[in-house]
There are 4 protein chains.
Amino acid sequence: MGIVLGTNRYGKAEVRLVHVDRSTPRHVVTDVNVTSQLFGDFADTFHTGSNAAVIATDTQKNTVYALARTGGFTTIEEFALRMARHFVDPRYPQVGGARQEIEQYSWDRVDTADGPHDHAFVRAGTETRTVVVTRHGDTETVISGLTDLVVLKSTGSEFHGFPQVEYTSLVETDDRILATSVSARWRHLGTDVDWDASFAAVRATMLDRFAQIHSLSLQQTLYAMGEAVLEAHPGIAEIRFSMPNKHHFLVDLSPWGLDNPNEVWFAADRPYGLIEAAVTRDDVSADDGAWAGIAGFC
Amino acid sequence: MGIVLGTNRYGKAEVRLVHVDRSTPRHVVTDVNVTSQLFGDFADTFHTGSNAAVIATDTQKNTVYALARTGGFTTIEEFALRMARHFVDPRYPQVGGARQEIEQYSWDRVDTADGPHDHAFVRAGTETRTVVVTRHGDTETVISGLTDLVVLKSTGSEFHGFPQVEYTSLVETDDRILATSVSARWRHLGTDVDWDASFAAVRATMLDRFAQIHSLSLQQTLYAMGEAVLEAHPGIAEIRFSMPNKHHFLVDLSPWGLDNPNEVWFAADRPYGLIEAAVTRDDVSADDGAWAGIAGFC
Amino acid sequence: MGIVLGTNRYGKAEVRLVHVDRSTPRHVVTDVNVTSQLFGDFADTFHTGSNAAVIATDTQKNTVYALARTGGFTTIEEFALRMARHFVDPRYPQVGGARQEIEQYSWDRVDTADGPHDHAFVRAGTETRTVVVTRHGDTETVISGLTDLVVLKSTGSEFHGFPQVEYTSLVETDDRILATSVSARWRHLGTDVDWDASFAAVRATMLDRFAQIHSLSLQQTLYAMGEAVLEAHPGIAEIRFSMPNKHHFLVDLSPWGLDNPNEVWFAADRPYGLIEAAVTRDDVSADDGAWAGIAGFC
Amino acid sequence: MGIVLGTNRYGKAEVRLVHVDRSTPRHVVTDVNVTSQLFGDFADTFHTGSNAAVIATDTQKNTVYALARTGGFTTIEEFALRMARHFVDPRYPQVGGARQEIEQYSWDRVDTADGPHDHAFVRAGTETRTVVVTRHGDTETVISGLTDLVVLKSTGSEFHGFPQVEYTSLVETDDRILATSVSARWRHLGTDVDWDASFAAVRATMLDRFAQIHSLSLQQTLYAMGEAVLEAHPGIAEIRFSMPNKHHFLVDLSPWGLDNPNEVWFAADRPYGLIEAAVTRDDVSADDGAWAGIAGFC
């Protein structure tokens, strides 16, 4: 019997990089937050403090900036793969694998009286595009995603038919507000993908499904969104969702002789429902390791 | 010599209201956060705990929801005025004045394969539209605004010519990233305003000026934005800004033989520059009272 | 009629400084966040972008670190005064005044098997000690304070006797939870103060009053806290509070045949009551300028 | 080949409960945040929107409050077990398992002139005590923990001996500030534990180890903390840590002729190092399922 080091991983988190493509006067800005982590044969530093094998987290940070200069920045998927391949390489035999997580914040061009501006931008949307790339030896897994895509339906949502068990008091409804903040992550089967096109298509599919489905439960909505993504994208193995049910409560105005035909709502903060589920193909491997460390999805 | 009650104000903060206009199948959603406060002859509760004059903060909350039902919800300016007029009224002689602060979060319709959806929405942008209405007796002041309008210029910004004083080490630059999160508030001279049109025009003017001006300092950019707003809007008395200088530092890649022609930047969190200033007409009264309580603007 | 620059102020915000006093093996750690701002004759940079008068915000940041080295760090009040005196000085004729705001985070020594450790520390408490020093020419004002001092009484709080007006539905209670997050700021009449002793005494007085008073309203509690501070501290001119009423609602368990004798509560997030008030001596000048820019207190 | 529902879980998140034990005039306050989730045979609601099996999330919320009344509240571990046993029960055949996650916020009694107060409390510390209980059929796993335990050593930390690889520029140091925010979770081998005593002992051991160890890397410190916990607690199977390296950079004051003998530091926000690792007994089963859903630990 003894005490041993278990699973471990280390690196530099939240390296904030803004890349400006100035190859034409019409600049392109890419705004990302990179977390680089390595795993492998690093037990010595845990046991003795010997850092002879440790690629310093500061070096991982420098590598983000250097690779952005040497290879530019197109998509977060491509960049994360490039980072992972840089570190999981024969010159670093101690590195068994790398995990590269990137968030991207979107910007629009400023609309001016003379049209969209060449080099002035305004932050767009609350949502964040994400990727987690894991390279374990020669095996690469890309999980694309987004978080904080906040959506709401002002009608077209019911909730009823649930059992009356101990402590049930909820009243059934055939017309409620349905609101959630979509966090979704999807695992690609390969790496030869047009990442931007794929992301745009998945996002559009999810929004379309959310809007079009008459909802009987948030679970049903979630599954339909996932199913539609998998149907349209044979290169995607599975998609996982974490969706809070952001409750909106109809305000009771009857004490003052007022009706409230689903017009005036209180948007609650906490508690909230929370639905977490995966939609997957039945003929793909699970690959749970690639999901490790993704909060809400592992 | 004695100890006395000074300036005071009380109410209910952050009443979350979502109003759905269902008058046609094409719903309109308005998502706001209302803070209602009253001031006047309320010393008794401070001195003795007697609440005989106190309009309960819970009642102020209820009033938000009731007025949204009885009068609907068009703009935050109109609603804040309606709230203030409800409370500053002869039936409540103890109420000397009211302060109504509202934040509004914007939503777009979801784009579906069949076009913009009637009742499905997606949160738009990171910015918040704001209003603070103060009604003091019969005097009403409306201060419209926005916060968290995050903008960035990838070129067209210089900073040099500052004095070399003790502890100066900053290097002059003729090409830097200029980024800020605009918080702006502007005071109207009256209340007979097309609030939505006015807001849209002021926002567009600010963005246009930010984009178009070749910047020699964030102060210069700020002033030009304010001046343009006042020039275009005779009904606006003054505009105040609080603008952080969100520093982006060019990464030094020379240790590895790499140049960096303004392409790879580190976006810093803290510290940040902070410019706070008002641009005002020279023939209007100051009306500082209306600005009381607006964080960053008083 | 014209458009002119109004009140303005600029500087560097949130300079994070950790100072370690290593004069003995028993280290003393001081952890602060400094915001330095200047005002005066800086119109040129707004109007023309000429920075000839502008003491760069980067220089203000450097000054924080340099003064921490040359003069050490005892209290935030002393350091803020030193910063203000550095900049409001004949060598900088353009500087009319300075505003120095500092937050301090507290640390305890780690308790080990061998007693409190010499150089290992653990963050203590959620509250933040604050100061705002304004030096305008030769006039100095020191406003000490604290934020996020979260307190709760599980009994000894009533709320009743409020008028039944339109939209009132709140039920009177003679036993509720009273909870708030105290933000308080107090203005000293001079600068010859034992700052640490004064702070500790004011904090203790506020806590004692909050605990001991049988509350009939949060307003009454607030006033009693302020009155006690002024009674005990002749050197303090006034004290201002911003206190949210963090509502705890008794859960109705009667649908399941359960009583709830004030034991099971739901702690709500929003909305919350908000009480803002000053308690002041009646024979001191108002000095409102010193309060400018303090969110929630101006 | 088909599309199927994968792993899923649903419930109510962040049910805020404050429990007051009023059995004596010396009240005891327990302040917690409960997230209740169920898994099992719930595919129907995903596929068809039929909720016939769905124990409403609202019911799960009610159960939190009801069980707090019927059984009181001692420790979060006991309460989470009680919640799990309530739902994983023959009367709910559709429930295969439950996951109950609770955060607890600590309060101290207010010190008054008359001693610690019976019913007035002040929030203590920034850290949060946590538990995740999983009951899968009859198998129960308890993972206790804490987050946001922020600690700092002002000396006694070195970092050197790392390899000079591509893009390395970090300078070696034999005296730096070491600061981190400890998040730790430990899995118990059983459920017959004095939970409060166990928690206090583990916390004290971690703090003692952090303080006493001369650190050669944060990894070494982490491992020593974990090893000490396992050595002292035979009932704990494994402990996992997520520890950011909160960098403090020595400020270079040499441009102004000032030295800086490790006294004046800049506390950086981002990026930060991130060390994640488990320390485990070599003769216990892995039980990875119990860690699912714990952000940073799975």
(message) Of all residues being within 7 Å of another protein chain (Cβ to nearest Cβ) and open to solvent by 30 Å² or more (accessible area, probe 1.4 Å) in the stretch B:9-47, which is farthest from the chain's Cα centre (by Cα)? Just the residue, please.
(response) B:His47
(request) Determine whether D:Gly145 is in a strand (DSSP E or B) and at pLDDT 95 or above. (result) yes
(request) Restrict the check to the stretch A:185-197 and report whether at least one residue is assigned to a helix (DSSP H, G or I), without any contact (Cβ under 8 Å) to a residue 40 or more places away in the chain and either buried (at least 17 other Cβ atoms within 10 Å of the Cβ) or of a type in the set (Lys, Arg) (or both). (result) no
(message) If I ask for residues that are of a type in the set (A, V, I, L, M), within 9 Å of another protein chain (Cβ to nearest Cβ) and in a strand (DSSP E or B), which ones from the stretch D:90-133 would you list?
(response) D:Val110, D:Ala120, D:Val122, D:Ala124
(request) Can you run down the residue pairs with Cβ atoms below 7 Å, 6 or more apart or on separate chains, where the first is in the stretch D:283-298 and free of Cβ contacts under 8 Å to residues at least 12 places away in the same chain and the partner is of a type in the set (Gly, Ala, Ser)? (result) D:Ala295/A:Ala295; D:Ala295/A:Gly296; D:Cys298/A:Ala292; D:Cys298/D:Ala292
(message) I'd like the residue in the stretch A:235-260 that is over 25 Å from C:Arg270 (Cβ atoms) and in contact with a Lys or Arg (Cβ under 9 Å, 6 or more places away or on another chain) and, out of all such residues, is most open to solvent (accessible area, probe 1.4 Å).
(response) A:Asp259
(request) Give me a count of the residues in the stretch D:89-111 that are open to solvent by less than 20 Å² (accessible area, probe 1.4 Å) and either within 25 Å of the chain's Cα centre (by Cα) or over 26 Å from D:Thr147 (Cβ atoms) (or both). (result) 7
(request) Kindly indicate whether C:His86 is surrounded by fewer than 18 Cβ atoms within 10 Å (Cβ to Cβ) and either in contact with a strand residue (DSSP E or B) (Cβ under 9 Å, 6 or more places away or on another chain) or acidic (Asp, Glu) (or both). (result) no
(request) List the number of the failed condition for C:Lys61; all other conditions in (1) under 27 Å from the mean Cα position of the chain (by Cα); (2) in a strand (DSSP E or B) hold. (result) (2)
(message) Quick check on the stretch A:156-182: of everything there that is of a type in the set (A, V, I, L, M) and open to solvent by 30 Å² or more (accessible area, probe 1.4 Å), which residue is farthest from C:Leu258 (Cα to Cα)?
(response) A:Val171
(message) Return the residues of the stretch B:267-279 that are touching a His at 6+ places or on another chain (Cβ under 7 Å) and more than 7 Å from chain C (Cβ to nearest Cβ); say none if nothing qualifies.
(response) B:Ala267, B:Ala268
(message) Condition check: within 11 Å of chain B (Cβ to nearest Cβ), assigned to a helix (DSSP H, G or I) and under 15 Å from the mean Cα position of the chain (by Cα). Does C:Gly296 satisfy that?
(response) no
(request) Please tell me if A:Ala120 is open to solvent by 20 Å² or more (accessible area, probe 1.4 Å), without any contact (Cβ under 8 Å) to a residue 24 or more places away in the chain and more than 26 Å from the chain's Cα centre (by Cα). (result) no
(message) Exactly one of these conditions fails for B:Ser215: (1) more than 13 Å from chain C (Cβ to nearest Cβ); (2) crowded, with 19+ Cβ neighbours inside 10 Å. Give me its number.
(response) (1)
(message) Here are the criteria: (1) more than 17 Å from the chain's Cα centre (by Cα); (2) within 27 Å of C:Glu101 (Cβ to Cβ); (3) open to solvent by less than 40 Å² (accessible area, probe 1.4 Å). Tell me which single one C:Tyr272 does not satisfy.
(response) (3)
(message) For the stretch D:271-283, which positions are outside any strand (DSSP E or B) and either of a type in the set (Phe, Trp, Tyr) or touching a Lys or Arg at 6+ places or on another chain (Cβ under 6 Å) (or both)?
(response) D:Pro271
(message) Looking at (1) surrounded by fewer than 23 Cβ atoms within 10 Å (Cβ to Cβ); (2) more than 7 Å from chain B (Cβ to nearest Cβ); (3) not in a strand (DSSP E or B), which one does C:Ala66 not meet, given that it meets all the others?
(response) (2)
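The values are calculated or read from the model by the stated rules, or taken from the named source; none is laboratory data. Since the structure is predicted, the reported quantities are computational estimates derived from the model, not experimental observations. Virtual Cβ from ideal backbone geometry, glycine too; neighbours counted across all protein chains shown. Calculation scope for accessible area: heavy atoms of the full protein, side chains included, ligands and nucleic acids excluded. Shrake-Rupley method; radii C 1.70, N 1.55, O 1.52, S 1.80 Å.
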